[in-house]
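A short write-up of the structure that comes next.
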Amino acid sequence: MASLRDIETRIKSTKKTSQITKAMQMVSASKLSRAELNAKAFVPYMDKIQEVVGAIASATTDVSHPMLVSRPVKKTGYIVVTSDRGLVGGYNANILRAAKRAIEARHTSKDEVKIVAIGRKGLEFFNRLGYNVADSAVGLSDHPSFDEIKHIANRAVGMFTDGTYDEVYLYYNHYISAISSEVTEKKLLPLTDITSAPDTSSYEFEPSAGAILEVLLPQYAESLIYGAVLDGKASEHASSMTAMKTATDNAFELIDDLTLSFNRARQAAITQEITEIVGGVAALE
């Protein structure tokens with residue numbers, strides 16, 4: 001049985017731990033507020049650029065672009081968005097498990113797979129499993145700007161157009177609420193699921209629809225990657241906040257249990273001392 005000193009030491013160390021996890025919970029809550037705003041503010045831009053791309057695709061039948069054309073699949077690229085740090089609950093484990101399961105279901109050889117890892121946890125995971133990591137980005141800020149991921153997004157899209165891989169899937173955690181996120185798979189390239197705009201009469205294409213597609217489609221694909229990163233960051237901060245709250249609650253529970261054990265042990269020690277005193281007095285009579 002643990003001594004009073006041991007129990008007291010554990011109570012003190014657990015209290016310090018609870019103070020740390022409580023502070024981390026508050027920091028994550030603060031970061032979540034801004035990350036949620038960033039993710040939601042990006043949605044109107046994505047809706048508009050998708051509308052314009054859909055308008056061009058539906059208004060012109062003689063315009064083609066490599067990013068719109070499916071081709072025989074020999075190699076597949078997977079862009080996986082994770083965090084750089086741990087202490088985020090099941091955030092990383094869920095996304096990595098889903099990506100690994102999909103890869104194993106689609107491919108019989110690792111040579112058919114190219115990984116683009118955004119986040120240190122994903123990079124370490126796929127390196128450890130022996131997959132070919134074609135590109136990576138780590139150390140993104142808590143509220144990343146487009147400039148931070150522009151180069152990796154540009155290279156990821158470029159590797160499709162130059163034939164490094166023949167299709168691209170995007171894996172990230174979609175933010176739903178502070179207590180809920182959803183692992184999401186999106187086929188990024190080729191862009192075969194662009195919805196046509198309901199009314200294209202208000203658009204005039206200068207210098208031509210083809211020239212606009214040449215510039216707009218890579219930007220559209222890069223924007224989808226950036227949107228996934230923003231969505232993932234909001235989910236990451238929400239998962240961190242939830243994990244730290246759970247850790248704090250568990251620490252408080254442990255403190256209560258240890259305090260109860262400490263009081264019982266102290267009461268037993270006092271009772272033992274009284275018994276010994278009474279026994280000594282009785283022996284002297």
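The values are calculated or read from the model by the stated rules, or taken from the named source; none is laboratory data. Everything numeric here is computed off the predicted structure, so don't read it as measured data. With ideal geometry, Cβ positions are generated from the backbone for all residues, glycine too; neighbour counts draw on all protein chains shown.
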> Restricting attention to region 145-188, which residues are assigned to a loop (DSSP other than H, G, I, E, B), farther than 26 Å from A105 by Cβ and among the acidic types (D, E)?
Replying inline: D162
> Among (1) surrounded by fewer than 14 Cβ atoms within 10 Å (Cβ to Cβ); (2) of a type in the set (K, R); (3) modelled with pLDDT under 95, which single condition is R101 missing?
Replying inline: (3)
>> Please return the ranges of strands (runs of 3 or more DSSP E) entirely within region 34-144 where 2 or more residues are without any contact (Cβ under 8 Å) to a residue 24 or more places away in the chain and either small (G, A, S) or over 18 Å from Y172 (Cβ atoms) (or both).
In response: 133-137
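Starting from residues that are among the small types (G, A, S) and farther than 11 Å from S180 by Cα, keep the ones in region 228-243 and report whichever is farthest from the chain's Cα centre (by Cα).
The initial filter retains those residues of region 228-243 that are among the small types (G, A, S), namely 228, 232, 234-235, 238-240, 243.
Of the ones still in play, those that are also farther than 11 Å from S180 by Cα are 228, 232, 240, 243.
Values: A228: 9, G232: 4, S240: 10, A243: 14 Å.
In this case the residue turns out to be A243.
Against the condition surrounded by 14 or more Cβ atoms within 10 Å (Cβ to Cβ) and at pLDDT below 95, how does K121 come out, does it pass? First the steps, then the outcome.
Working: surrounded by 14 or more Cβ atoms within 10 Å (Cβ to Cβ): yes; at pLDDT below 95: no.
Criteria not met by K121.
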>> Filter region 133-152 down to the residues that are over 19 Å from I95 (Cβ atoms) and touching a strand residue (DSSP E or B) at 6+ places or on another chain (Cβ under 7 Å) and list them by number.
In response: none
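Evaluate the following for L258: is it at pLDDT 85 or above, under 30 Å from R10 (Cβ atoms) and surrounded by 13 or more Cβ atoms within 10 Å (Cβ to Cβ)?
On the way: at pLDDT 85 or above: yes; under 30 Å from R10 (Cβ atoms): yes; surrounded by 13 or more Cβ atoms within 10 Å (Cβ to Cβ): yes.
Taking the combined requirement at face value, the residue satisfies it.
Against the definition (small (G, A, S), exposed (fewer than 13 other Cβ atoms within 10 Å of the Cβ) and more than 14 Å from the chain's Cα centre (by Cα)), how does S145 come out, yes or no? Even if it seems obvious, please write down each step before you answer.
Working: small (G, A, S): yes; exposed (fewer than 13 other Cβ atoms within 10 Å of the Cβ): yes; more than 14 Å from the chain's Cα centre (by Cα): yes.
Criteria met by S145.
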